[in-house]
Amino acid sequence: MEVSTIQVVLVAVLGVLMHVLNVLVLRPRSLRAKLQRQGIHGPSPHFYFGNIPQIKALLLQVKSAPTTHVKNREEDVSLSHAWPFTLFPHIQKWIQQYGPTYTFSSGTIQWLMVADIDMVKEIIMYTSLNLGKPNYLSKDLGPLFGQGILTSSGQIWAHQRKIIAPELYLDKVKSMVNLIVESTNITLRSWETRLESEGIVSEIKIDEDLRSLSADIIARACFGSNYIEGKEIFSKLRDLQKLLSKIFAGIPGYRYLPNKSNRQIWRLEKEINSKILKLIKQRQEETHEQDLLQMILAGAKNCEASDGLLSDSKSHDRFMIDNCKNIFFAGHETTAITASWCLMLLALHQDWQDRARAEVLEVCGNGAPDASMLRSLKTLTMVIQETLRLYPPAGFVVRKALEDVNLKGIVIPKGMNIQIPVPVLQQDPQFWGPDAHKFNPERFANGVLGAGKFPQAYIPFGAGSRVCVGQHLAMTELKVILSLILSKFRFSLSPSYNHSPAFHLVIEPGQGVFLKMTRI
């Protein structure tokens, strides 16, 4: 009996060791070898950390450009938008060394970096059944995203999209315009109050106000609650985002360590989930119109166990919580950041600010825009599109090969992850011309198709079948918010503004956006 127990223990230990060997060495080496045999190479990885040490070393070497103070003069437009290789210096180094397609590792996660436009075109054509989302999104970043629509693949993703996408179609979004106007006016009245108390000119840090505004809009439009009731969820999601942005995904076992950072992450995740579940249970006890939350609740209820999607009450709760977190995060964070970048660029380029304001006043008069007016705001649309080109919210489009796929004659093995560097493509001079790093909304005068050499090099809302379901809502919000601000205020960049784009899971102003504002 004793010998038998020892044998069982030895077999178990051997099994664990083989699993560890497979995860850390054999499987990663096999994936890279399959691509190396086809001429795709990359930097040699550490067996445990992958290429994370090299990435960190390059980030330390390439320090941010000196703090840029921009004077309130139209001719002083020296601020540089060529930031992608400052934030991601490893991409520049390895593209120069290995070409636009190369392999690298983040811990045990194996990546194929794709900056080759022909390969990007083919990736866009694949369905979610071939190329899904990488596992690290729902594991390493699971506290923030779970297995919601942003991170899931296959059947569960198709079901989530079927529920959520129709609620964000353009005809539904048009009905939200009055609500967006109402929320925006509340924020602008607070700015007007500050101007009245502080004098003719006031310095306002706009990004936090815009984040609160966008949170209010998404909460009221999609969840039927006002910002006061939901502000704790948004605040805690923001704290969680900051913590997770400091973590390199893929380091085995890291997310289980009871260190200070992980303990904070676990606490925030528990609190956020509890608050969202409370919001859901309140809704279940009431009767409400068919908003997005109601559709998510119905979708969870309609998922039958026989489909293999949701098997018990716990998975039903997870389905609802994860999708609410996805909508809360994506629905307000990215829109607020883009609005901040837009206002920064318009403050820097007074000629475009004047053009956009003149258009707003012509189309909307002295009143608020309605849904029928938004299509006529051509100049403002061009400004937003150019802002999204220079400062896309997402740094990367990511996929995972759910089966062997053929891209440009190269077989990408099942299990390989793919990363497309969005800002690198969107500022590549060979696609956008010699002014690729400059703010020039005129390039979008004929729409996205006529803006650059390849439309596929412009992917601020993602690409292919996984394109952002909320892009109509985002564009509508941006047009309404910006048009109202332009109609009420003139603004320029404050000397307090430090241009320091930062990557905190999204590309955001690292030290905020400070504007000098006056009322019109």
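A short reminder: the numbers here are calculations on the coordinates, not readings from a lab. Please read these numbers as outputs of a predicted model, since none were measured by experiment. For neighbour counting, all protein chains shown are included, and Cβ atoms are generated from backbone atoms with ideal geometry for every residue, glycine included.
At 0.36 nm per residue, and after removing the present C-alpha to C-alpha distance, how many nm does the segment from Ser80 to Ser190 gain when stretched out fully?
Separation in residues times 0.36 nm, less the Cα-Cα distance, equals 36.4 nm.
Say each of Gln92 and Leu14 gets a label point 7 Å from the Cα, pointing the same way as Cα to Cβ; how far apart are those two points in nm?
Result for the modelled spin labels: 5.2 nm.
Cut-off is 10 Å between beta-carbons; in what order do Asp435, Asp216, Asp291, Asp207 appear when sorted fewest neighbours first?
Asp435, Asp291, Asp207, Asp216
From the list (1) 0.95; (2) 1.02; (3) 1.11, can you say which value of Cα Rg over 2.2 N^0.38 Å was derived from the structure given?
Correct label is (2).
Take every DSSP beta bridge with both residues inside the chain and express the antiparallel ones as a percent of the total, to the nearest 5.
90 percent
Are there DSSP H segments in the chain that both extend 30 Å or more along their axis (alpha-carbon positions) and score a mean Kyte-Doolittle hydropathy of at least 0.0? List them, or say none.
313-348
Sort Val397, Val383 so that the residue with the fewest other Cβ atoms within 10 Å of its own Cβ comes first and the one with the most comes last.
With the sparsest Cβ surroundings first, the list reads Val397, Val383.
Apply the Karplus parameterisation 6.51 cos²θ - 1.76 cosθ + 1.60, with θ equal to phi minus 60°, to every residue of segment 409-424 and state each ³J(HN,Hα) to the nearest whole Hz, in sequence, with x for glycine and proline.
x, 10, 7, 8, x, 3, x, 6, 9, 10, 10, 10, x, 4, x, 5
Averaging sequence separations of C-alpha pairs under 8 Å and six or more residues apart, then dividing by the length of segment 202-283, give the relative contact order as a whole percent.
Once divided by the residue count of segment 202-283, the mean separation gives 24 percent.
Please give the peptides 99-112, 243-256 ranked by average Cβ packing (other Cβ atoms within 10 Å per residue), highest first, as a rough proxy for protection.
99-112, 243-256
Per-residue ellipticity at 222 nm for the chain, helices alone: DSSP H runs ≥ 4 residues times -39500 (n - 2.57), over residue total, nearest 500 deg cm²/dmol?
-16500 deg cm²/dmol
Remind me, relative contact order of the chain in percent, using alpha carbon pairs under 8 angstrom and six or more residues apart?
Relative contact order, the chain: 24 percent.
So how far apart, in nm, are the two label points at Glu182 and Gln36 if each is 7 Å from Cα heading toward Cβ?
6.2 nm
With +1 on the Cβ of every Lys and Arg and -1 on the Cβ of every Asp and Glu, and nothing else charged, how large is the dipole of the chain about its Cα centre, in debye rounded to the nearest 20?
In total the dipole reaches around 1280 debye.
Can you give the charge dipole size of segment 409-520 about its Cα centre, rounded to the nearest 20 debye, using +1 on the beta carbon of Lys and Arg and -1 on the beta carbon of Asp and Glu?
Charge dipole of segment 409-520: 260 debye, to the nearest 20.
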